[in-house]
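**Student:** Structure in structure tokens, see below.
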Amino acid sequence: MNARRRAGAPSGGRIGVIGAGTIGVVTQLVAQHHGNEVEIVDLSENRLGLARDLKASSAAHALTGEFDVIIDCVGSAVTHQASIDHLRPGGSAIWLGLFCPVAAFYAQGLIRHEKSVQGSFCYTNAEFPESLSLPPHSTPPANPPTDTRPCWCAGLLPQAGVKRDFGEFG
């Protein structure tokens, strides 16, 4: 929620999400809730399958076209560069992922097309209760990848498989 808000993402705008792990999938769901068209990319076909089950506009191995906002949930040099390369002029990239401590990218396109990059680490005190008020997703994914299970525990995805996978919570 904080990343989308920091980027000034317009409702109905086109958002790219790099990384379809837990953070990426939750980012997808929040953007969809606000009426955004979401293209999510990842190298893992299992993760992309979950994004498709959750109705991403597109789930692929690489971004295509230009976006109003791109949220990088990976944080590598390659994903940083892709987030800048695929922004429309005046667009915003939000970097959430912490994979690589160095942000090495070609800055000419950033400057000449007045693109912006911001970091986002957490949420504000106002955003936390707002996130709890989001409606739960209604259609459980067929076979969620094991690396997205924290989404289920947080209540952000349907909990059909939680008891099976984790047992009762005390």
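Rule-based calculations on the coordinates, nothing more; no lab input. Everything numeric here is computed off the predicted structure, so don't read it as measured data.
**Student:** Would you mind calculating the gained length between ALA103 and GLU66 on full extension (0.36 nm times residue separation, minus the Cα-Cα distance), in nm to one decimal? Display every interim value, and only then the final one.
**Tutor:** On the way: separation 37, 0.36 × 37 = 13.32 nm, distance 2.11 nm.
Here the segment from ALA103 to GLU66 would lengthen by 11.2 nm.
**Student:** Tell me, what ³J(HN,Hα) does each residue in segment 30-36 have, in order and in whole Hz, if you take phi through Karplus 6.51 cos²θ - 1.76 cosθ + 1.60 with θ = phi - 60° and put x for Gly and Pro?
**Tutor:** Once θ is set to phi - 60°, the couplings for segment 30-36 become 5, 4, 4, 4, 8, x, 7 Hz.
**Student:** In sequence order, what are the phi-derived ³J(HN,Hα) couplings for segment 50-63 according to the Karplus relation 6.51 cos²θ - 1.76 cosθ + 1.60 with θ = phi - 60°, rounded to whole Hz, with x for glycine and proline?
**Tutor:** These are the phi-based 3J(HN,Hα) values: 5, 4, 5, 4, 8, 6, 4, 4, 8, 9, 9, 8, 8, 5 Hz.
**Student:** What is the Rg over Rh value, at two decimals, for segment 1-106, using alpha-carbon atoms and the Kirkwood definition of Rh?
**Tutor:** Numbers: Rg = 12.2 Å, Rh = 13.2 Å.
So for segment 1-106, dividing Rg by the Kirkwood Rh gives 0.92.
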